[in-house]
Amino acid sequence: MTGEIRGLYVYPVKGLSPQELPSVPLEPGRGVPYDRAFALARPDGDYTPGLTEPLPKTQFFMLARDASLAGYRTRFDPETGVLQADRDGRTVLEATLTTDDGAAAVTTFFAEALGLSTPPALARVDGRRFTDVSVISDSMMNAVSLVNLASVRALGERLGTELDPRRFRANIYYDGLPAFSERDLVGEEITVGGLRLRGVLPTKRCAATQVNPDTAERDIDLPRRLHREFGHNEMGMYAEVVTGGTVRPGDPLDHPVAG
């Protein structure tokens, strides 16, 4: 079966908005460059600078708990290290994440935005990503996430509404394959353009998907509705990069026929 890549995204700061990419270079055993490279650590949590032990996502500010983060449109420039945040069509923050002064500006801004008396810490550790599945293993920390747009449509049809795929915060969105066929791909290899990925884990959905990416409001309990309509709360999967290459929208995605 063959589908097609429809969108590529990176999330430089955990919990903040995605950036669409024209292409993504992938290396074996590595995730999307700069994906979840930064995070806003809770001031009363266990994160300390340089910590290499993975921490659960509850140690950081993220949409599952902090829906208001979706109200900001952020963009990170990896060449300059500058993070820009816009709200209601105007720029409200511009700071260099890779400098002490810039990091302080970012944490002060989000402390005010979130109504905190103590600013969060800007978490950054060379070689580590603050992905939800980093607590499983270092290899899972570097997995890429994929979402089948047919599955998103199938859920939306059951709910009688059009669902924005951005709710599911994937790196790779694809279309042209049967809804939920990705659930059969754990342990299987797929080809994307000229590289190979191996499915390693279905993505179980949490309260982050309740948040409307346009309004920053919790408007649909998608984990509960997924389970009610389909008997599971999975949407998409994680995959490890087996052979490297560059992925672009329009590239074919092939996976074996189940059964």
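The values are calculated or read from the model by the stated rules, or taken from the named source; none is laboratory data. In this text the structure is predicted, and so the values were computed from the model without any measurement. Quick reminder, even Gly has a Cβ in these numbers, built from the backbone with ideal geometry, and neighbours come from all protein chains shown. Just so you know, the surface numbers come from the protein's heavy atoms only, side chains and all, with ligands and any DNA or RNA stripped out. Shrake-Rupley method; radii C 1.70, N 1.55, O 1.52, S 1.80 Å.
Some points to look at:
- Applying D = kT/(6 pi eta Rh) to the chain, where Rh is the Kirkwood radius over alpha-carbon pairs, T corresponds to 37 °C and eta to 0.692 mPa s, the Stokes-Einstein value obtained is 175 µm²/s.
- Point-to-point label distance, S181-T243, nm (Cα→Cβ direction, 7 Å offset): 2.1
- In Å², nearest 10: area of I220 left accessible to a 1.4 Å probe: 40
- For the range 1-94, the dipole from Cβ point charges (+1 on Lys and Arg, -1 on Asp and Glu) about the Cα centre works out to 220 debye, to the nearest 20.
- Contact order for the chain, expressed relative to its length and based on alpha carbon pairs under 8 Å spaced 6+ residues apart, stands at 28 percent.
- Förster radius 30 Å - calculated FRET efficiency between D86 and D126 (Cβ-Cβ, nearest 0.05): 0.55
- Placing +1 on each Lys and Arg Cβ and -1 on each Asp and Glu Cβ, with no other charges, gives the chain a dipole about its Cα centre of roughly 440 debye.
- Label-to-label distance, S23 versus T52, with points set 7 angstrom from Cα along the beta-carbon direction: 3.4 nm.
- Extension reserve of the R65-A111 stretch, reckoned as 0.36 nm per residue once the Cα distance is removed: 15.1 nm
- Dipole magnitude for the range 24-155: about 480 debye, using +1 per Lys or Arg Cβ and -1 per Asp or Glu Cβ, origin at the Cα centre.
- Within the range 43-85: backbone nitrogen closer than 14 Å to the A207 label point (7 Å, Cα to C-beta): 57-69
- For the range 128-169, the normalised intensity computed at q = 0.19, 0.20 Å⁻¹ comes to -0.64, -0.67 (log10 of I(q)/I(0), Debye sum over alpha carbons, equal scatterers, no solvent).
- Between S139 and R228, the FRET efficiency from the beta-carbon distance, with R0 = 45 Å, is close to 0.85.
- T98 paired with T2, simple spin-label distance in nm, labels 7 Å along Cα-to-beta-carbon: 4.0
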